[in-house]
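Notes for the one structure printed next.
The values are calculated or read from the model by the stated rules, or taken from the named source; none is laboratory data. Please read all numbers here as calculations on a predicted model, not as lab measurements. No Cβ is skipped: glycine too gets one built from the backbone with ideal geometry, and neighbour counts run over all protein chains shown. Heavy atoms of the whole protein, side chains included, go into the accessibility calculation; ligands, DNA and RNA do not. Shrake-Rupley method; radii C 1.70, N 1.55, O 1.52, S 1.80 Å.
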Amino acid sequence: MLMRAAVLTAFHAPMEIREVEIADPGPGEVRVQIKATGVCGSDLKAIDGKSPVVSRLPFILGHESAGVVESVGTGVTTVKPGDHVIIAMNGPCGRCRPCGAGRFHLCAGPARLPTIMGGLPRITLDGEETRRFIGIGSFAEYAVVAEPMCVKIAKSAPFDAMSLLACGVVTGIGAVLNVAQVPPGATVLVVGCGGVGLNVIQGAVLAGATTIIAADVADQKLKLAERFGATHTLRATDLPKQVGELARGGVDYAFDATGAPGVLAQTFASTQPGGTTVMVGSPPQGHPMSLDTGLLFASRRLMGTQGGDAAPHRDLPMLAAQYLAGRLDLNGLISERLPLTRLNEAVTHVRQGTVARTVITF
């Protein structure tokens, strides 16, 4: 079947809207008609040639998405044509050792690595194989994905809001609820108030944190942070000193959502003895990290996360229910909605930091 897709044919260059051919779903696969897809910082890293999973072009980016099941392959039992779904970033096998321990984000099943690296050949451009970002490639009218990556949602839920759950929302909220496991009454610092950082703030609100300090260098983002639940805001300069003045001895939990070299050390130093820091933003691959090791002797912890350590079929329906009940603000995250033909414009806006999230709608 022919469809339109935004194809990355050269690094550091605009994507091209091209007509490509997408295969029918094979055994255990689902073809989804994409209705909405967010533009994420991970997509920008791929465009810049800095993604560890995008090395050979052409490539179709996009992964934060939702849509309608168009057709299914043999053996698919959990979804059917017409169902509305979120496409999760991972589809755990449920059989490997990490899955058995409930650590679905670390699935080591046999299909996991090929999916991460672009999936099985399903799309061709002028007869040449075109790979898809983490086996999805949602900057296109359709995507063929593994059945476990499809999470069914209510037909009353809007696609633009639901698409955000697939990456930015579950990463931010999952960092709070799954990774740090912030308890009620805790003090929290969130550094970086972009799309993911705002969801860390929302996660802290859901967890019952009483003090939520948001830090950024942009006043516009700090205003958004207040809307999403921050009790205090800081223009980040000397974080340990600034945070120490607001939370005596530092915060209980700190989250670095920037991925910027050097920020993590300040975030870590802003916690009190026994505090926990979670690295949510993705730093450059292979970049050395410098910390004051003396702080570790006071039982401070440093943790990482991958997609909020989410279990898709547990966490995404829970977040969708929170949204439908009015306890989670997804509409406020969407700064603009643009068609696929304006995708490169959307990328520019994300680079400029003028948007919380841009959603491409079909």
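Quick rundown of the values:
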read-out	value
Single unsatisfied condition, G137 versus (1) within 15 Å of the chain's Cα centre (by Cα); (2) surrounded by fewer than 24 Cβ atoms within 10 Å (Cβ to Cβ); (3) not in a helix (DSSP H, G or I)	(2)
Members of the range 345-359 that are in a helix (DSSP H, G or I) and among the aliphatic types (A, V, I, L, M)	A346, V347, V350
Within the range 36-48, tally of residues that are open to solvent by 60 Å² or more (accessible area, probe 1.4 Å) and at pLDDT 95 or above	0
Filter result for S51 (surrounded by fewer than 19 Cβ atoms within 10 Å (Cβ to Cβ) and of a type in the set (S, T, Y))	no
Options L206, L165, L198; residue that is modelled with pLDDT of 95 or more, under 18 Å from T233 (Cα atoms) and not basic (K, R)	L198
Matching option when the condition is in contact with a helix residue (DSSP H, G or I) (Cβ under 7 Å, 6 or more places away or on another chain) and either in a helix (DSSP H, G or I) or at positive phi (or both), among G172, G185	G172
Members of the range 16-35 found to be at pLDDT below 95 and part of a strand (DSSP E or B), listed by number	E29
Residues of the range 213-250 classified as in a strand (DSSP E or B) and under 21 Å from the mean Cα position of the chain (by Cα), total	3
Conditions (1) under 21 Å from F297 (Cβ atoms); (2) touching a Ser or Thr at 6+ places or on another chain (Cβ under 7 Å): number failed by V191	(1)
Selection status of T258, closer than 16 Å to S299 by Cβ, within 24 Å of the chain's Cα centre (by Cα) and not aliphatic (A, V, I, L, M)	no
Search result, residues across the range 92-116 that are assigned to a helix (DSSP H, G or I) and at pLDDT below 70	R112, L113, P114, T115, I116
A13 being part of a loop (DSSP other than H, G, I, E, B) and within 24 Å of E129 (Cα to Cα)	yes
Within the range 54-91, tally of residues that are open to solvent by 10 Å² or more (accessible area, probe 1.4 Å), more than 19 Å from L165 (Cβ to Cβ) and not in a loop (DSSP other than H, G, I, E, B)	3
Verdict on T37 being touching a residue at least 24 places away in the same chain (Cβ under 8 Å) and within 24 Å of G353 (Cβ to Cβ)	yes
Answer residue from the range 148-169, given it is part of a helix (DSSP H, G or I) and aliphatic (A, V, I, L, M) and is surrounded by the most Cβ atoms within 10 Å (Cβ to Cβ) among those	V169
Total residues in the range 240-254, condition out of contact with any strand residue (DSSP E or B) (no Cβ under 6 Å at 6 or more places or on another chain) and surrounded by 21 or more Cβ atoms within 10 Å (Cβ to Cβ)	0
Spans of strands (runs of 3 or more DSSP E) in the range 255-344 with at least 1 residues open to solvent by less than 60 Å² (accessible area, probe 1.4 Å) and under 26 Å from K223 (Cα atoms)	271-279, 334-338
